[in-house]
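Reading through the structure tokens given below for one structure.
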Amino acid sequence: MKVIANLAWKSLLNRRTTALLVVLTVAISVVLLLGVERIRTQAKSSFANTISGTDLIIGARSGQVNLLLYSVFRIGNATNNIDWKSYEEFAHNRAVKWAIPISLGDSHKGFRVMGTNQAYFDHYQYGRKQPLTFSAGQSFHGLFDTVIGSDVAKQLGYKVGSKIIIAHGISDVGFSRHDNLPFTVVGILAPTGTPVDKTVHVSLGAIEAIHVGWESGAHLGATPDAQTLEQQQFQPKQITAMLVGLKSKIQTFALQRKINDYRYEPLSAIMPGVALHELWGMMSVAEQALMAVSVFVVIAGLLGMLSSLLTSLQERRREMSILRAMGARPYHIFTLLVSEASVLTFTGIVTGVAILYALLGIAAPIIESHYGILIDFTALTWHEWTLIAYVQIAGIVIGIIPAIRAYRQSLSDGMTIRL
């Protein structure tokens, strides 16, 4: 067996150019297969960590996916608002550690505007319980101060001190803008890779102030100037949703049941992790399609190796016959070709894994900063080892095909090869 292995190695060295191309083909296939798998699993993990450390999300009665979409991802609109009295009652519940009010409805050049308070900057977390941080400036203090996400600042070219105009509703058109009440950017949040980056944050009081004189979405009355409004105290009447952190996880289900059975108004309380899992399940088709593409690339790479082995076999028929004439039996020829395919596949796998980690080292920081997907630079998982094993087995199976063909070739066929 040692002789066969040595012979297979020397044979590959003799055909080093072809062997190198086969190795690179297998390596690229492995890089794509493992890369897609790792990005898929890490994207799922990052998706689940869009919001972290929040035990319950409370909003008007609706489905949990809809509530999650508009409160966390700023997609869509609420079916109704929450009365401020309801917010205060649950915010002061003895099981609640902190509560973050959220008010949505306005926009700025395609970005959603969210009204909140200081609790948002103190308690909101994403990823692995990472808090919000500022890349410039600080949180809002004045009535017409605003804190913007990193994407808002980058795409619109805003800096601390820039003036912005908020529009009523999602459509940013001239007649819906609060032109006489500009906001001043006082802070820019560091990138998070979450919807926070695409959000304009203002105070709850500011949301009330800019809508003085607005009824049912129309500007019907006179709106005082900024100086006049700043001298008044504004108390929200309604909010869109609230995020809640509890003192103990054990109290989650009890408080959720209490909120869902609330008699003052119809409310829904959802657990973010459960809702995120349901939402990811709705996206499973795209996930499976991505995995299927990578599998087909691996198949294409292995078929390329098969083509190379069959082509080289035609050129090596005399070599095979000489080996037979020197005493090699058919199973020796069979083992030789299977060994060559195994070595090529194994080398391709090792090369592919090495390239994958090199690419991850370069691309991981870029992917995290731009897309918020944290790619762990860890050892191969059990599932990834399983995928590699399948590739190796497939490579051996591919090698059996030309090996069987060589096994069946007769000595005379090799010695009388046609040129």
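With point charges of +1 on the Cβ of Lys and Arg and -1 on the Cβ of Asp and Glu, referenced to the Cα centre of segment 56-270, which listed residue (228, 243, 184) lies farthest in the positive direction of the dipole?
In segment 56-270, that residue is 243.
If neighbour count is taken as other Cβ atoms inside 10 Å, put 261, 106, 151 in order from fewest to most.
Fewest-to-most Cβ neighbours within 10 Å comes out as 261, 151, 106.
Return the Rg/Rh value of segment 40-109, two decimal places, where both radii are evaluated on C-alpha atoms and Rh is the Kirkwood radius.
1.00
Would you give the gap between the C-alpha center of segment 248-281 and the C-alpha center of segment 90-136, rounded to a whole Å?
Taking the Cα centre of segment 90-136 as reference, the centre of segment 248-281 is 18 Å away.
Which of the listed residues, 143, 253, 64, is farthest toward the dipole's positive end in segment 56-270, when Lys, Arg count +1 and Asp, Glu count -1 at the beta-carbon?
My answer, from the dipole projection, is 253.
Would you mind ranking 36, 26, 31 so that the residue whose beta carbon has the fewest other beta carbons within 10 Å leads the list?
36, 31, 26
Once label points are set 7 Å from the Cα along Cα→Cβ at both residue 292 and residue 237, what is their separation, rounded to one decimal in nm?
Label-label distance for residue 292 and residue 237, simple model: 5.2 nm.
Can you tell me the Rg and Dmax of segment 56-270, counting just the alpha carbons, in angstroms?
When restricted to the Cα atoms of segment 56-270, Rg and Dmax are 17.0, 50 Å.
Past 26 Å, Cα to Cα: identify those pairs from 44/247; 129/247; 159/237; 129/163, in the order given. Each step should come with its number before you reach the end.
Working: 44/247 28 Å; 129/247 16 Å; 159/237 32 Å; 129/163 32 Å.
Cα-Cα > 26 Å for 44/247; 159/237; 129/163; rest within.
Taken together, the values in this text are just the output of simple stated rules run on the coordinates, not laboratory data. Since we're looking at a predicted model, the values are computed, not measured. All Cβ positions, glycine included, derive from the backbone under ideal geometry; neighbour counts span all protein chains shown.
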